Each structure stands twice: as C-alpha cells, then as structure tokens.
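Chemist: First the structure, then my questions, so here it is.
No lab work stands behind these numbers, since they all come straight from the coordinates. Please read these numbers as outputs of a predicted model, since none were measured by experiment. FYI the Cβ positions are ideal-geometry reconstructions off the backbone, even for glycines, and counts take in every protein chain you see.
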Amino acid sequence: QVQLVESGGGLVQPGGSLRLSCAASAMIFGIMGWYRQAPGKQRELVASLNSDSITTYVDSVKGRFTISRDNAKKTWYLQMNSLKPEDTAVYYCNAAPRAVLPWGQGTQVTVSS
C-alpha cells in the first residue's frame with residue numbers, strides 16, 4: 001500500500017503563504033489532488049494535477065493556490081498564497097477525483113491574526 005505523508009502546515013496570518021508537501025512511498029501515476037477538511041465540514045478536493053500537468057482548482061482557491069509535483073522525489077506540493085481565514089482546515093493529498101489511497105495524517109493549516 002502506498003503511504004502518503006503531508007507536511008508544511010502551520011499558523012499564518014491572513015494574506016500569508018504556506019507550501020505544503022505530500023511525500024509518497026511509491027510513485028503514483030494518474031491524477032493526484034489536495035483535499036481539505038474544515039471543522040464541521042465535509043472533505044473537499046481543492047486542487048488536482050494530472051500526468052499531462054493539467055491542473056484544476058475549486059473556485060475558492062483559483063489564482064491563490066498552485067499544485068505541482070516533483071516526480072524524482074515522489075512529492076506533490078501545494079503553494080498557497082493570499083491565505084484567508086476560510087482556508088483554515090486539515091489538508092490531505094490523495095488520488096483524485098476519487099481518493100482511493102489510504103489517507104495520511106494530514107497537515108493543519110490555520111489562518112488567523
């Protein structure tokens with residue numbers, strides 16, 4: 001089973017930036033995505049990247065978040081800029097649009113002044 005380990009979260013002020021990383025224990029082919037789950041809400045897919053480097057984003061993060069990958073490192077990234085309090089959530093990576101891999105522990109992102 002592939003293992004996913006997310007990192008890079010933290011506490012940041014509104015307008016700040018964070019870069020999340022997702023390290024996989026094995027190379028993953030196909031579409032990978034970043035998901036988030038805010039308190040009391042369902043987990044949602046916020047960004048995805050396919051093998052042709054085509055990206056998709058949920059409207060709420062378009063223009064602020066960028067998903068990318070480093071195949072040699074088996075790592076996916078989520079660059080988050082202009083963060084807002086409503087971005088506060090636990091962020092996870094997984095296959096997309098169906099999260100068929102075991103979930104990692106996630107990384108907490110808190111946007112607050």
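Chemist: Contour minus end-to-end for Asp59 and Leu101, with contour as 0.36 nm per residue of separation and end-to-end as the Cα-Cα distance?
Modeler: 12.6 nm
Chemist: Could I ask something else about it? Could you run the Karplus curve 6.51 cos²θ - 1.76 cosθ + 1.60 with θ = phi - 60° over region 94-108 and give me ³J(HN,Hα) per residue in whole Hz, x for Gly and Pro?
Modeler: For region 94-108, the Karplus curve yields 5, 5, 9, x, 9, 7, 8, 8, x, 6, x, 7, x, 9, 7 Hz.
Chemist: Let me ask you something else. In nm, to one decimal, how far is the Asp70 label point from the Ala23 one, both placed 7 Å along Cα→Cβ?
Modeler: 1.1 nm
Chemist: Also, quick follow-up: Please return the longest range in the chain lying between exposed loop sites, taking trypsin sites (Lys or Arg not before Pro), DSSP loop only, at most 13 other beta-carbon atoms within 10 Å, and leaving the sites out.
Modeler: 1-40
Chemist: Over the Cα atoms of region 1-106, what radius of gyration and what Dmax do you get, in Å?
Modeler: Cα-based Rg and Dmax for region 1-106 come out at 12.8, 38 Å.
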